[in-house]
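The values are calculated or read from the model by the stated rules, or taken from the named source; none is laboratory data. Worth saying up front: this structure is predicted, and the values here are computed from it rather than measured. Cβ placement follows ideal geometry from the backbone for every residue including glycine, while neighbour counts extend to all protein chains displayed. For accessibility, only protein heavy atoms count, side chains too; no ligands or nucleic acids. Shrake-Rupley method; radii C 1.70, N 1.55, O 1.52, S 1.80 Å.
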Amino acid sequence: MQLVFACIYMGLLNVIELVLNLFAVVVLGASAITIGLLNAVWTLAYIPSVYVASKLSNKGFIKELLTSSVVLITSSIIISAKASSIAYLSMGFVAHSASLATARLAIMTALLEANDSSKWGSVNKRYVQLIALIEGALLLAISSIGFKALLNKLMLLAFIASLLGVTTLATAPKTLLPIERTLARLEKTLHRILLPARAITALGYQSLYTPTGYYIFQRIWSMEAEVSLAPIALSLVSLRISNEYLFTPLPYFLLRVLNLGIDGALAIYGSAKVIASTALSAVPTDPSGRSKAVLVALLAIRAASATALLCLGPSSVMLSISITLIYLTNVFIDMAIYIAFVNATAGYRTAMYTVLSEVASLAGATTSGYIFAFTGPLGVLTAILLLTVVMAITAQRAAPTSKL
């Protein structure tokens, strides 16, 4: 139940972010450029928030961070409900950003400390899957009651968000000694220190029916090689920027270019999330991390889906399928990058991962509106495809590198 309440709260925070963007387009008439700049402001607030939250979470202040998140998300909704201009609404974006940053770091740290490092991949998958399912269900619920009806009940939304936040606070995972990441780092360090001794021992090992010592020596070095962070970082940056190019102007694209109704757009978002989450349950944990070919195939599917989304007509079924495939492939690609990072850093330096993500998102959000406004959907698609090529190339280089 601890994971469930945490995912419900995170899912609601993610949905509120989309609601704020739709509010800007529908109520305040924001353009694609304005939406991009609002999301850039969101990211600018997120970066220092996540840095401070990381420092506090590493010191064990999980409850305090979740308390701050509850106060901030309540403030965000109240401010947004009274917003009569883009400048005023940007304050709601800032409060929401800080709320999401503090909650995400608190929950991520708690999950890493509460679970053995060998289970980090499976726990991360369940966490991502459940959040996507909850987001989809909430979006479908909003589309059913109507977006305009929701705008008249924003104070009720603030109360629900506060209640869920307090419940998450009360049920947050508890650890008597938060040392799991320390143990993972120590284990990784010991493996590295003991490599020469294991290799020397293997060289003296000979038997008629077993591999030679030299063969064992080679296998030890290949298995224990370190993964370079450079290709992981480049893959992460490419993924985040391309996601911003696609998803930041998407509300404007659906509502103003394809002329979809807002409730219909919410239904498309929601159904795509639910289908993607359901499909995740049938797939083994971290399949993209098993083979470079699988990862490249996922990138190809993502590129094809983005092409269909931006170039085909306003068919609700086709839009839903395209967004579903993008969500699904994004989950696998994101999980592969994140697990590669935490394995390479023994679960530490999550702030570096998050800050790098958000710096890339800032660059993408700031420029996405201009690219869409001056080049249209085709220019956005071209940028996404180029970044996909970069990810495919870096995937080939993100393999363990020998220390020999």
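Odds and ends about this structure:
- Along principal axes, Cα extents of segment 296-380, largest first, whole Å: 46, 28, 20
- For the set 352, 391, the ranking by accessible area, highest first and with no ligand, DNA or RNA atoms included, is 352, 391 under a 1.4 Å probe.
- Rounded percent of accessible protein surface that carbon and sulfur make up, segment 61-145, 1.4 Å probe: 67 percent
- Accessible-area rank, largest first, for 338, 46: 338, 46, with all protein chains present and a 1.4 angstrom probe.
- Ranked by the mean number of other Cβ atoms within 10 Å of their residues, highest first, the peptides 91-100, 54-63, 78-87 come out as 91-100, 54-63, 78-87.
- Added length on full extension, which subtracts the Cα-Cα distance from 0.36 nm per residue, residue 315 to residue 257: 19.6 nm
- Lysine pair count for segment 29-125 with Cα-Cα distance under 26 Å and sequence separation of 8 or more or different chains is 7.
- Per residue, the average separation of C-alpha pairs within less than 8 Å and at least 6 apart gives segment 12-133 a relative contact order of 31 percent.
- For residue 44, the solvent-accessible surface with a 1.4 Å probe is about 100 Å², rounded to the nearest 10.
- Whole-percent P(r), segment 1-148, all Cα pairs, 10 Å bins from 0: 11, 37, 36, 14, 2.
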